[in-house]
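Engineer: Got a structure for you, written out below as structure tokens; questions coming shortly.
Every number in this text was worked out from the coordinates using simple rules, so none of it is lab data. Just so you know, these numbers come straight off a predicted model, no measurement behind them. Here the Cβ positions follow ideal geometry from the backbone for every residue, glycine too, while neighbour counts run over all protein chains shown.
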């Protein structure tokens, strides 16, 4: 059996959408007619493509499913498996409990593949945009060791903690971003509309205006005459940078530059390190070999130089080297994390030390981001005040010299 998304008309002519299991699309259409519905479209979850009409929006848009939804589904599945429910039944219950139709269809599709005899990890691997290699490899290790419930709980913990860290970083930067955008808008409005009206009174006085006033008038004229070109240039620069960053060499150099910037580099290193050791810890505690866990954990890193550093460390471990010196030689991970890894490696509790290192690194990132936001906020306010004061002074200086200009 497979999972199918459907669109159908009820007796009142209204569209009904949902997900049904069936052997074929014809079987699903038959089931819909038995319910008194007229099927309009029936598509297998894994084969569905976007439709043209707004009323037929596709259910399978994996990019619209948030990581929080995946964490919730994982948590529900872990609870059901731990309670002793068969995997097929647990997947069916989870599909009914989720409020997102597209995610429900994907869970049903996974259940269908499991019922056909496929391992859960293989069934999840059919949706790589939702369940990455870390997720699938961890599930596979849990299935092989017979600790699937424990592995699912750890995955849910990992996803939830990652989501919380991202939310804290985002929330800490919202206020500075709002202040910066407001400053730009206020400055642009003053230069485009206020300055021209005020300085117009001095335009017919054939005297030399103060330098600051002339600079403001020039900026005002530039914004009024070429504002749309400036906006287009900024938009073009943004998309041009995105296109350039798709080139591996440029992306690598850009990531390397970010690791050298003061303060910002500490935040990036901290977030990437926390993600790496948390992932590594989950894999090791699930029974995956250390080398396989190291290679998989390295792939979750978004910073290319740090990912390359883990790959080089993995190569050294593959050749017989120890984990701690291999990572230490890369010079990109904090000493605290490295010492915890060394302690875990020497004491035989690598998974526990990795979890502790992840907790410590996440707390450090939260504190650093909070401190950084606390410093940036007053600086942005001072910057905004300085810009407004400069514009006001440019307007008032000719007024102060009005008698001299008239003479």
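Engineer: With Kirkwood's inverse mean 1/r over C-alpha pairs for Rh, give me the Rg to Rh ratio of segment 302-350, two decimals please.
Structural biologist: 0.97
Engineer: Using helices alone, what [θ] at 222 nm do you get for the chain, with -39,500 (n - 2.57) per DSSP H run of 4 or more residues, divided over all residues and rounded to the nearest 500?
Structural biologist: Rounded to the nearest 500, it is -23500 deg cm²/dmol.
Engineer: Using only the alpha-carbon atoms, what does the chain span along each of its principal axes? Please give whole angstrom values in decreasing order.
Structural biologist: Here the Cα extents, ordered largest to smallest, are 96, 70, 35 Å.
Engineer: Then there's this: Hey, what angle do you get for helix 264-285 against the long axis of the chain, alpha-carbon based, 0 to 90 degrees rounded to 10?
Structural biologist: Helix 264-285 and the main axis of the chain meet at about 0 degrees.
Engineer: If each of residue 336 and residue 145 carries a label point 7 Å out from its Cα toward its Cβ, how far apart are those two points in nm?
Structural biologist: Output for this residue pair reads 2.7 nm.
Engineer: Between residue 89 and residue 345, 0.36 nm times their residue separation minus their Cα-Cα distance comes to what?
Structural biologist: 88.2 nm
Engineer: Angle check, please: helix 335-347 long axis (alpha carbons) against the longest principal axis of the chain (alpha carbons), in degrees 0 to 90, nearest 10.
Structural biologist: Approximately 20 degrees, to the nearest 10.
Engineer: Round to the nearest 0.05 the FRET efficiency obtained for residue 192 and residue 370 when R0 = 25 Å and r is the Cβ-Cβ distance.
Structural biologist: With a Förster radius of 25 Å, E is 0.10.
Engineer: Follow-up. Output the peptides 247-255, 102-110 sorted from most to least packed, where packing is the average of other Cβ atoms within 10 Å over each peptide's residues.
Structural biologist: Ranking the peptides 247-255, 102-110 by packing returns 102-110, 247-255.
Engineer: Sort 301-310, 352-361, 141-150 by the packing proxy (mean of other Cβ within 10 Å over each peptide's residues), most packed first.
Structural biologist: 352-361, 301-310, 141-150
Engineer: Over segment 88-178, what is the relative contact order in percent, taking alpha-carbon pairs closer than 8 angstrom and at least six residues apart?
Structural biologist: Over segment 88-178, the number comes to 15 percent.
Engineer: If R₀ is 35 angstrom, what is the calculated FRET efficiency for the pair residue 15 and residue 263, using the beta carbon separation as r and rounding to 0.05?
Structural biologist: 0.10
Engineer: Using only the alpha-carbon atoms, how far is helix 25-34 inclined from the longest principal axis of the chain? Give it as 0 to 90 degrees, nearest 10.
Structural biologist: Approximately 90 degrees, to the nearest 10.
Engineer: So, by mean Cβ neighbours within 10 angstrom, what's the order for 284-293, 213-222, 384-393 with the highest one leading?
Structural biologist: 284-293, 213-222, 384-393
Engineer: Ok, one more. State log₁₀ I(q)/I(0) for segment 176-270 at q = 0.12, 0.15, 0.18 Å⁻¹ as given by the Debye formula over alpha-carbon point scatterers of equal weight, solvent excluded.
Structural biologist: Normalising to I(0) and taking log10 leaves -0.65, -0.83, -0.95.
Engineer: Just the Kirkwood number for segment 64-160, please: inverse of mean 1/r across all distinct Cα pairs, in Å, one decimal.
Structural biologist: Result for segment 64-160, one decimal place: 13.0 Å.
Engineer: Which whole-number percent gives the relative contact order of the chain, counting Cα pairs below 8 Å spaced six or more residues apart?
Structural biologist: 14 percent
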